[in-house]
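Asks: Quick one: this structure, given as structure tokens, is what I'll be asking you about.
The values are calculated or read from the model by the stated rules, or taken from the named source; none is laboratory data. All values derive from a computational prediction rather than experimental measurement. When we count neighbours, we look across all protein chains shown, and the Cβ atoms used for this are built from the backbone with ideal geometry, even at glycine. Heads up: the accessible areas ignore ligands, DNA and RNA and are worked out on the full protein's heavy atoms, side chains in. Shrake-Rupley method; radii C 1.70, N 1.55, O 1.52, S 1.80 Å.
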Amino acid sequence: MAERKERLVLSILEFLEASIADGTVSAEDKDGIEVAVQCIGEAFGVDASDEATRKRLSIKPATLPSIFDVYMKTRQKVQTSQDSNTTSPAPQAAQRGPSAEDKAAAEAHKQAGNAKMSAKDYPAAIAEYTHAIALDPSNPVYYSNRAAAYSSSGDHNMAVADAEKAIEVDPKFVKAYHRLG
């Protein structure tokens, strides 16, 4: 089985175990959930009781509920964005988007940001991506790259905000979903 699926299975098992531990599941349902954990683990070949397996497949610090929360927020934002796009026409200038010169300058800032990322100069990379966004806010790559820079600098809240903004700009931009976890 693909490691991605094994990670999902382990996340489900950890969610069920946490639900038992935190009292979400009633005492009378505890046995049934414990049996389900065993059955799911055996069916998918994931032993949640094995520490080596947990270390190899863990998605921590993320959890299944936190990932689901991000998905629901993103879905709501995308839906809201789509609703506002269909109900109110955008101003003519906004429909045109950035000029070719602005796009070229934004790309130059992105490249400079990439160089700063390679040099592990995260504050400078963030500044470069911010310049790129100011010139072309319709490009999800700039938000995604800035999310990576924020994450690398340890500012995970800003990283999540930028990844969500990249998804809002282009819901089909897969890399932004990866930035979320």
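Asks: How much accessible area per residue does the chain have, in Å², with a 1.4 Å probe?
Replies: With all protein chains present, the chain gives 62 Å² per residue.
Asks: Could you please put ARG4, ARG54, ARG146 in sequence from largest to smallest accessible area, using a 1.4 Å probe?
Replies: Of ARG4, ARG54, ARG146, the descending order of accessible area is ARG4, ARG54, ARG146.
Asks: Name the residue from ALA105, ALA119, ALA147 whose Cα lies farthest towards the positive end of the charge dipole of the chain, charges +1 on Cβ of Lys and Arg and -1 on Cβ of Asp and Glu.
Replies: ALA105
Asks: Using a 1.4 Å probe on the protein chains only, how many percent of the accessible area of the chain belongs to carbon and sulfur?
Replies: Roughly 55 percent, rounded to a whole number.
Asks: Which one, GLU164, GLU101, GLU28, has the greatest fluctuation when you compute a Gaussian network model over the chain with C-alpha springs under 10 angstrom?
Replies: With Cα springs under 10 Å in the chain, the top fluctuation among GLU164, GLU101, GLU28 is at GLU28.
Asks: Further, regarding this structure: Working only with C-alpha atoms, what are the Rg and Dmax values of region 1-150, expressed in angstrom?
Replies: 22.5, 66
Asks: Provide, in order from the shortest bin, the percent of all Cα-Cα pairs of region 94-160 in each 5 Å bin, continuing until the bin that contains the maximum pair distance.
Replies: Bin by bin from 0 Å, the calculated values are 4, 22, 29, 22, 13, 7, 3, 0.
Asks: Could you pull the accessible area for LYS116 with a 1.4 Å probe, rounded to 10 Å²?
Replies: Approximately 80 Å² of LYS116 is accessible to the 1.4 Å probe.
Asks: Of all the C-alpha pairs in region 1-68, what % are more than 14 Å from each other?
Replies: Tail of P(r) above 14 Å: 57 percent of Cα pairs.
Asks: Looking only at ALA159, ALA115, ALA21, which one moves most when the chain is put into a Gaussian network model with springs between Cα atoms under 10 Å?
Replies: ALA21
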